[in-house]
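Structure record follows, encoded as structure tokens.
The values are calculated or read from the model by the stated rules, or taken from the named source; none is laboratory data. Here the structure is a predicted model, which is why all the values come from computation and not from measurement. All Cβ positions, glycine included, derive from the backbone under ideal geometry; neighbour counts span all protein chains shown. Surface areas here come from the heavy atoms of the whole protein model, side chains and all, with no ligands, DNA or RNA. Shrake-Rupley method; radii C 1.70, N 1.55, O 1.52, S 1.80 Å.
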Amino acid sequence: MARYKDEQCRRCRREGQKLFLKGDRCYTDKCSVSRRNYAPGQHGQKRAKLSEYGTQLREKQKVKAYYGIGERQFRKYFEMASNKKGVTGENLLQILESRLDNVVYRLGFGTSRAQARQFVNHGQFEINGKKVDIPSYLVKAGDVITVREIKKDNSTIKANVEQNSARLVPAWLEKNNEKLSGKVIRLSAREDIDLPIEEHLIVELYSK
């Protein structure tokens, strides 16, 4: 799978806003967007006005960066969303929110989606009692996500849980700090997603 290997903060600067890809760093004065709020590169400070296509493309790139996925997988999710009943853009966001790495992040076990993805890759979590190490696994209503018993001494996860104890958990999830677990009460709705995303632009882009 293709991976973005450049400095993550460049992606935030390219979009002109914080994408919160670096966890705690994004909330400090070290954040690159706070220090250099212009696009990277030689001509970064000369922002040109975007065309309609450019605006749609940037929105898609921004959402891909938020969730840390590549073009092929994103297009697959869009096709899934198109084939489901309902509004395509909202279906797409619901699918993205249902990814296991995102759920782990939303529950506060990771400080960023990238860290949550690494935890899942390393087999730190189980779903309904079975180990799952696939970040793109799509959770369903009723699924219970738990830190595996042999991994509950992980100091990083414990520190994250303590640090994120005051962070609001989305209404579609339920969290148990003592058991280091969470439950999917229902799939996310559009109003549950707090990211500044204009999904209709992505639908328009792929509909051309």
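Could you tell me whether segment 30-43 includes any residue that is assigned to a helix (DSSP H, G or I), modelled with pLDDT of 95 or more, at negative phi and charged (D, E, K, R)? Before the answer, list the steps.
Of the residues in segment 30-43, the ones assigned to a helix (DSSP H, G or I) are 32-35.
Still in the running and modelled with pLDDT of 95 or more: none.
The answer is no; no qualifying residue exists.
How many residues are under 16 Å from Glu198 (Cβ atoms) and open to solvent by 20 Å² or more (accessible area, probe 1.4 Å) if we restrict to segment 79-93? Steps first, please.
Within segment 79-93, the subset under 16 Å from Glu198 (Cβ atoms) is 81, 87-93.
Next, from what is left, pick out any that are open to solvent by 20 Å² or more (accessible area, probe 1.4 Å): 87-88, 90.
The qualifying residues number 3.
Cβ-Cβ below 8 Å, separation at least six or inter-chain, first residue in segment 127-145 and among the acidic types (Asp, Glu), second surrounded by fewer than 16 Cβ atoms within 10 Å (Cβ to Cβ) and at pLDDT 95 or above: which pairs?
From segment 127-145, the pairs are Asp133/Asn121; Asp133/His122; Asp133/Gly123; Asp143/Asn128.
Filtering segment 169-199 down to residues that are polar (S, T, N, Q) and in a loop (DSSP other than H, G, I, E, B), which residue is surrounded by the fewest Cβ atoms within 10 Å (Cβ to Cβ)?
Within segment 169-199, the subset polar (S, T, N, Q) is 176-177, 181, 188.
Next, only the ones that are in a loop (DSSP other than H, G, I, E, B) stay: 177, 188.
On the way: Asn177: 14, Ser188: 22.
Once the filter is applied, the top-ranked residue is Asn177.
Collect the residues in segment 156-184 that are within 18 Å of the chain's Cα centre (by Cα) and small (Gly, Ala, Ser), keeping them in residue-number order.
Within segment 156-184, Ala171, Gly182 qualify.
For segment 185-206, which positions are over 17 Å from the mean Cα position of the chain (by Cα) and closer than 17 Å to Arg106 by Cβ? Spell out the reasoning first.
Filtering segment 185-206 down to residues over 17 Å from the mean Cα position of the chain (by Cα) leaves 185-186, 200-201, 203-206.
Ile185, Arg186 - these are the residues of segment 185-206 that are over 17 Å from the mean Cα position of the chain (by Cα) and closer than 17 Å to Arg106 by Cβ.
As an exercise: evaluate Asn160 against (1) in contact with a helix residue (DSSP H, G or I) (Cβ under 7 Å, 6 or more places away or on another chain); (2) touching a residue at least 40 places away in the same chain (Cβ under 8 Å) and give the number of the one condition it does not meet.
Looking at each condition in turn, Asn160 falls short on (1).
Does Ser165 fit the bill of being within 29 Å of Asn83 (Cα to Cα) and assigned to a loop (DSSP other than H, G, I, E, B)? So that I can check it myself, show each step before the final result.
Numbers: within 29 Å of Asn83 (Cα to Cα): no; assigned to a loop (DSSP other than H, G, I, E, B): yes.
No.
For Ala141, state whether it is surrounded by fewer than 18 Cβ atoms within 10 Å (Cβ to Cβ), hydrophobic (A, V, I, L, M, F, W, C) and in contact with a strand residue (DSSP E or B) (Cβ under 8 Å, 6 or more places away or on another chain). Working first, answer last.
Values: surrounded by fewer than 18 Cβ atoms within 10 Å (Cβ to Cβ): yes; hydrophobic (A, V, I, L, M, F, W, C): yes; in contact with a strand residue (DSSP E or B) (Cβ under 8 Å, 6 or more places away or on another chain): yes.
Judged against the criteria, Ala141 is a match.
Assuming Ile202 fulfils every condition listed in (1) open to solvent by less than 20 Å² (accessible area, probe 1.4 Å); (2) among the hydrophobic types (A, V, I, L, M, F, W, C); (3) free of Cβ contacts under 8 Å to residues at least 60 places away in the same chain; (4) in a helix (DSSP H, G or I) apart from one, which condition is it?
(3)
In segment 87-116, which residues are within 8 Å of the chain's Cα centre (by Cα) and without any contact (Cβ under 8 Å) to a residue 12 or more places away in the chain?
Tyr105
Of everything in segment 120-138, what is out of contact with any helix residue (DSSP H, G or I) (no Cβ under 6 Å at 6 or more places or on another chain), closer than 13 Å to Arg99 by Cβ and open to solvent by less than 30 Å² (accessible area, probe 1.4 Å)? Give them in sequence order.
Phe125, Ile127, Val132
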